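Beneath this line is the structure, given in structure tokens, with notes to follow.
The values are calculated or read from the model by the stated rules, or taken from the named source; none is laboratory data. Please read all numbers here as calculations on a predicted model, not as lab measurements. When we count neighbours, we look across all protein chains shown, and the Cβ atoms used for this are built from the backbone with ideal geometry, even at glycine.
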Amino acid sequence: MTLDTALTGVNDHLRGVLPPEVFDVLEADRRRGGATEFAGAGDKIEDFTLPGAGGTPTSLGELVADGPAVLVFYRGQWCPYCNLTLRTYQQELLPELGKLGVTLAAISPQRPDGPAPDLAFPVLSDVGSTVARGLGLSYPVSDVVRQAMETLGTDLEAVNGTWELVHPAVVVVDRDRVIRYVDVHPDFVTRTEPGDILEAVKSL
């Protein structure tokens, strides 16, 4: 089963269990499209230091010290699509990246003292979306989406610090902090397949 098929299954399940008026708002939001000014291959990322689970800081320089890094930007622990994607990356991608000497790290706007996914790779907190905004990935939540999320009990400001979200994305960065591959998903139900990430890494 591909990641895309599994994510579509999650979306079909939510369609059946969420209030129709709420699901319709979220469905319209994921199909709205996104900004076109995303960072691209050849752009350089300034070094950053972000806290991980428990507050331990990790810098981009550390992540690329021994080779390229794959940075996975996700919306937060509250997002079922993100959780499935990160678990899939851990099972299918992490072992292969390890063989290639490539680091994997996940980044979200979620506060470092909040619940974090149980993963075998770094999970970093970009509170305020400073890093994500620099890559063009951050955007404000519309009022109608905010109301829908609050109906479901998700207070994004309490969890993420602001009413902002990030477009899910995979960014491959080399040792010079130059982006060598980027794949952004304004449609948050879709994500980058593990095989596509491996292909990008092996092409470096």
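For region 157-197, which positions are part of a helix (DSSP H, G or I), modelled with pLDDT under 95 and surrounded by 15 or more Cβ atoms within 10 Å (Cβ to Cβ)?
Restricting attention to region 157-197, the residues satisfying the condition of being part of a helix (DSSP H, G or I) are 157-160, 194-197.
Then keep just the ones that are modelled with pLDDT under 95; that gives 157-160.
Passing the criteria: VAL159, ASN160.
For region 122-156, which positions are out of contact with any strand residue (DSSP E or B) (no Cβ under 9 Å at 6 or more places or on another chain) and surrounded by fewer than 18 Cβ atoms within 10 Å (Cβ to Cβ)?
Once the filter is applied, which keeps residues that are out of contact with any strand residue (DSSP E or B) (no Cβ under 9 Å at 6 or more places or on another chain) and surrounded by fewer than 18 Cβ atoms within 10 Å (Cβ to Cβ), region 122-156 yields GLY134, SER142, ASP143, VAL144, ARG146, GLN147, GLU150, THR151, LEU152, GLY153, THR154, ASP155.
Please determine, by comparing only the residues of region 72-101 that are buried (at least 19 other Cβ atoms within 10 Å of the Cβ), among the aliphatic types (A, V, I, L, M) and touching a residue at least 60 places away in the same chain (Cβ under 8 Å), which one is nearest to GLU27 (Cα to Cα).
VAL72
I want to confirm something. Restricting to region 56-71 and keeping residues that are under 18 Å from the mean Cα position of the chain (by Cα) and in a helix (DSSP H, G or I), which single residue is surrounded by the most Cβ atoms within 10 Å (Cβ to Cβ)?
Residue satisfying both the conditions and the ranking: LEU63.
Out of (1) closer than 15 Å to VAL131 by Cα; (2) touching a Pro at 6+ places or on another chain (Cβ under 8 Å), what's the single condition that is false for VAL170?
All conditions are met except number (2).
Would you say LEU119 is surrounded by 21 or more Cβ atoms within 10 Å (Cβ to Cβ) and at pLDDT below 95? Walk me through how you get there before you give the answer.
Values: surrounded by 21 or more Cβ atoms within 10 Å (Cβ to Cβ): no; at pLDDT below 95: yes.
No, not satisfied.
Pick out the one residue from GLY16, GLY61 that is of a type outside the set (Phe, Trp, Tyr) and under 25 Å from PRO122 (Cβ atoms).
The unique qualifying residue is GLY61.
Considering only residues that are at pLDDT below 95, under 21 Å from GLY134 (Cβ atoms) and small (Gly, Ala, Ser), which ones fall in region 43-59?
Across region 43-59, the qualifying residue is only GLY52.
Taking the condition in contact with a Pro (Cβ under 7 Å, 6 or more places away or on another chain), polar (S, T, N, Q) and under 14 Å from SER125 (Cβ atoms), does THR49 pass?
In short, yes.
Return yes or no: is ALA200 surrounded by 15 or more Cβ atoms within 10 Å (Cβ to Cβ), at pLDDT 95 or above, small (Gly, Ala, Ser) and closer than 20 Å to PHE48 by Cα?
no
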